[in-house]
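Heads up, the thing below is written out as C-alpha cells.
The values are calculated or read from the model by the stated rules, or taken from the named source; none is laboratory data. The model shown is predicted, which means the values in this text are computed figures rather than measured ones. Cβ atoms come from the backbone with ideal geometry, glycine included; neighbour counts cover every protein chain shown. These area figures cover heavy atoms from the full protein model, side chains too; ligands, DNA and RNA do not enter into them. Shrake-Rupley method; radii C 1.70, N 1.55, O 1.52, S 1.80 Å.
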Amino acid sequence: MQLAELPSKRREDSRRRGELSRSRRCRILAEYYTYIMPYKKESGAQGRKRRKIETEQQAKLAGSLHRFLLQADGLKLEHCYGQGYDNAATMAGHISGVQKRILDMNPKAMFVPCNNHSLNLAGMHAVGVGTKSVTFFGTVEKVYAFFSSSTHRWDILKKHVPIRVKRSCNTRWSSKHEAVCVLAEHTEKIIDALEALRDGPEETSETRGDAGSLLVCIMTYVFFSFLHFWNPVLTEVNDTQIYLQQEGLALDQCVQKLKALALFCHEKRDSLVSKATEKALQVCKTYCIPTERRVGRRKKMDGENSCDAGLTLIQETSREQLDAIDQLQAEIKKRTTQINTLHQRFAFLQIQTLLDTGKDDFIKKQIQHTCAQYTELNAPSMLTEITRLRHHIILYKEVNPDEQVANWSALDLLRWVYKWKLQESLTNFVVTLRIFLTITVSTASCERSFSKLKLIKTYQRSTMSQERLSNLAILSIERDFNVDLNSVVEKFALIKSRRI
C-alpha cells in the first residue's frame, strides 16, 4: 500500500510545511520507515543478512531525520532535548535503534518511550501469564464476533441489552476495558440473548450451534471469576491511560500517576482475587454451575501430603490471577525505569524540595550533575537563583496565604515565574524547567494520525491522489482547529468566479 509522500521525499512550499506541526511531521518520517520494514524470521546467513539490512535502514532513518530537521524546518539537532517513540526495536533499540543513533549525535536528546504504549505492553504480558486469562479474553472477543456477524443477532441483543457489546483489541487496551465492562454490568441480559438465539425454533442451525457453544464457554466458574477480576483492574489501567494522553502533561505528573497504578496493584492484590472469587461463586450458585472438578491424584513421594497432589479449580484460578497482577506490577516497574531515572535527575525542581532548606546539599549535588550534562547551564548561578526564588515565593505566600504553593507542579511554577516576569533574574533555572517540561511523556496523539490514514484511504479510495490524501488527513487530524466557514466560502467564490 502506498502511503502519503513524506515531507523529505518531495519539495513542498512554505504553506504546506506549516500545515503540520514539526513534531508530528518528524513522527511521520520516523513511522514511515518503521512501517515499510517487514519482519521475517530467518536463521543462518539469511538471518545475518537481514539484521545487516535492518541496521542499515535504522542508520538511514536516523540520518533522514537529522536532515529533515535541518533542511525542512531549519532546526538544529544540538537543540533537541528529548526523544519520544514507541517501543519498537527499530526506534527504541538501545544498541542500534534510532534513539541510540540520535543520542550518539546529541547526548542531551534523552529518550523516553511512549508511556501509553509501555502500559499496553505491560498489560499484554500480564494477560499472557496463564492460559485461563488468554482464554477469557478470547471468549470476550467471540461474544462480539458472534453478535456483530449478523444484523438479526444484533437486533436480538439490542432487545435484551441497553448498550452494545464491544470488541477487544491488543493494541488499544481501552477497548478491553469497554468490552469487559459491558459484560460485567449486563451478564444476565447477554446470557438471556444467547439463550434466546440457541432455543429459538426459527433460528438457523448455525446460529443455534454457535450460541450454544458460546454459552458453554461463558457458563463456567473460570470465566465469571476472571470477568470480575479484570473489570476493576482494567478500570484503573484505562483511567491511567486517559490521564497520560492529556495535553500539557509534565514528566512529574506522569510519574505520579504510574506510581499510583503500581500502588493500586500492590495494595489491592489479595482483595481483587478474593472479591472476584466471591462474586463468581454467587453467579455459579445462581446458574447451578459446578465449581468442583475431579482432581487427578498422582503418586506421592516421601514427605508429601495429600493436599500437595493437586489444586482445586478455585485454587488454580486464584493462583493464576495472583500471577497476573504480580506480572502487571513487575512490568510497570520495569518499563518505567527510564522515566523514573529522569524524574530523579530533575527532582530538585519540585516545589517541596526547593522550599526545604534542609535539602541544600541534595539540591547542590543534583545541580552539579545536571550542569555536567547540559553545558549551557551554570551551577553557581543556578544556586544563587534558587535562593532568590525562595525569597520571592516566601513573599508571595505572605501576600496570598490561601494559595496552595506546596501543590504546584513544575509547569505551574514556570507559569508563575513568567506571570511575575522573573525569567530574566532566574535565567538558568527557567532553562532547566523548560528542558524538564520538554521531555516527552506520550506519543499517543502522533499515533492517532496513522490510525486516521487507515480510516481515510480505504479500498474504495484506492485511486486517491497523494495531495487529496494529505489534505483529508490534515482535516481529520486538525479537526479541533477553528475555521471561519464564511471567509472560506468567500475566498472559494473569488477563486472560482468567472468573467462574464
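General observations
- The residues neighbouring VAL143, those whose beta-carbon lies less than 15 Å from its own, together hold a net charge of +2 under the Lys/Arg +1, Asp/Glu -1 convention.
- Accessible area (Å², 1.4 Å probe, nearest 10) - HIS117: 60 Å²
- Relative contact order of region 111-246, defined on C-alpha pairs under 8 angstrom at six or more residues apart (%): 27 percent
- Chain lengthening between LYS76 and ARG461 when straightened (0.36 nm per residue, less Cα-Cα): 134.7 nm
- Checked against a 27 Å cut-off, the cross-linked pairs LYS100/LYS334; LYS268/LYS334; LYS166/LYS275; LYS142/LYS257; LYS176/LYS259; LYS132/LYS285 give Cα-Cα distances beyond that limit for LYS142/LYS257.
- Taking a ≥ b ≥ c as the square roots of the eigenvalues of the Cα gyration tensor, region 336-421 is classed as prolate, since a/c reaches at least 1.5 and a/b is larger than b/c.
- Counting Lys and Arg as +1 and Asp and Glu as -1 over every other residue whose Cβ lies under 11 Å from the Cβ of SER168, the net charge comes to +3.
- Rounded Å value of the spacing that divides the Cα centres of region 113-180 and region 400-468: 31 Å
- Span from the region 357-374 Cα centroid across to the region 317-340 one, whole angstrom: 33 Å
- Across region 114-174, the relative contact order, built from alpha-carbon pairs under 8 Å that are at least six residues apart, equals 39 percent.
- From most to least packed by mean Cβ count within 10 Å, the peptides 420-432, 231-243 give 231-243, 420-432.
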